[in-house]
1. Loop only by DSSP, 16 or fewer other Cβ within 10 Å of the Cβ. Give me the chymotrypsin sites (Phe, Trp or Tyr not before Pro) in the stretch 1-50 that pass, ordered by residue number.
2. Which three extents, in whole angstrom, do the alpha-carbon atoms of the stretch 16-58 cover along their principal axes, largest first?
3. Under a Cβ-Cβ cut-off of 12 Å, what is the net charge of the residues other than residue 73 that fall near it, where Lys and Arg count +1 and Asp and Glu count -1?
4. Determine the sum of side-chain charges near residue 44: Lys and Arg each +1, Asp and Glu each -1, restricted to other residues whose C-beta is under 10 angstrom from that of residue 44.
5. Between the DSSP loop rule and a limit of at most 13 other Cβ atoms within 10 Å, which chymotrypsin sites (Phe, Trp or Tyr not before Pro) in the stretch 38-125 are left?
Amino acid sequence: MSIINYANRIIDFKIVYYGPGLAGKTANLQYIHRCLPNANRGNMISLATGDDRTIYFDFLPVSAVTVRGFQTRFQLYTVPGQVQYNATRRLVLRGADGLVFVADSQFERLRENVESFRNLEANLHEYESTLDEIPYVLQYNKRSAKSGAGDLPRVRPQPADLTGAVLRGVGHRGQGGVRHAQHRIAHGARERVRCRAGEAP
Ligand SMILES: Nc1nc2c(ncn2[C@@H]2O[C@H](COP(=O)(O)OP(=O)(O)OP(=O)(O)O)[C@@H](O)[C@H]2O)c(=O)[nH]1
Ligand SMILES: [Mg+2]
């Protein structure tokens, strides 16, 4: 849940990168970290196994534009995609203001994508939340990988607005998706807070 500090005029948003193992969630954050100027980024923290699989989460704090006198800051998290770490995934998901679902476009990973998407819905359900309430972006990653490019079947209707925006990209090189996903979801999270505060969109 976004945190508004009226004394310091800062709003913090939590954005969670979700998706199956090896889809490229950590690569997304690494790319964003590489691209941003020092002034806009904090240290990236990665809690990973020896072979670089996320075991708890990655964390990257990013500061962004000032909106109506409030500085906006984004706390970017990734979940561990490996199936056995669901308790950790659920904890990291808690209070998310926006989600980037990083899918692996390779045909043979279709089942993992669908399972991970279902797992996301189930974990949100634990918090009495749904994807209708949280802005999310679907990022079809690994478009450069050799084994084709399968998209998720229609696991749920994809609305045309930001919630469910679909992007296709190459995560580790940032092509066609990483920064775009981050901008879209940042915008969505800000709009959500604005609506909740009763302002016209
Ligand atoms: N070919 C290709 N490789 C990618 C792409 N994005 C990430 N990778 C590579 O895929 C591997 C796994 O990427 P990670 O970012 O660690 O995957 P993850 O989703 O964080 O995986 P978990 O931590 O296990 O959940 C790494 O070797 C990345 O460099 C991409 O778009 N194309
Ligand atoms: Mg990872």
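Any read-out appearing in this document is the output of simple, stated calculations on the displayed coordinates, not a laboratory observation. Nothing here was measured: the structure is a model prediction, and the numbers come from that model. Neighbour counts are summed over all protein chains in view; Cβ atoms, including those assigned to glycine, are modelled from backbone coordinates with ideal geometry.
1. Details: sites: 6, 13, 17, 18, 31; in loops: 6.
Of the chymotrypsin sites (Phe, Trp or Tyr not before Pro), the ones in loops of the stretch 1-50 whose Cβ has at most 16 other Cβ atoms within 10 Å are 6.
2. Computed over the Cα atoms, the extents are 30, 18, 16 Å.
3. Working: positive: 9, 14, 41, 190; negative: 12, 97.
Combined, the nearby Lys, Arg, Asp and Glu give +2.
4. Values: positive: 34, 41; negative: 58.
Local charge sum for residue 44: +1.
5. Values: sites: 56, 57, 59, 70, 74, 77, 85, 101, 107, 117; in loops: none.
Passing sites in the stretch 38-125 do not exist.
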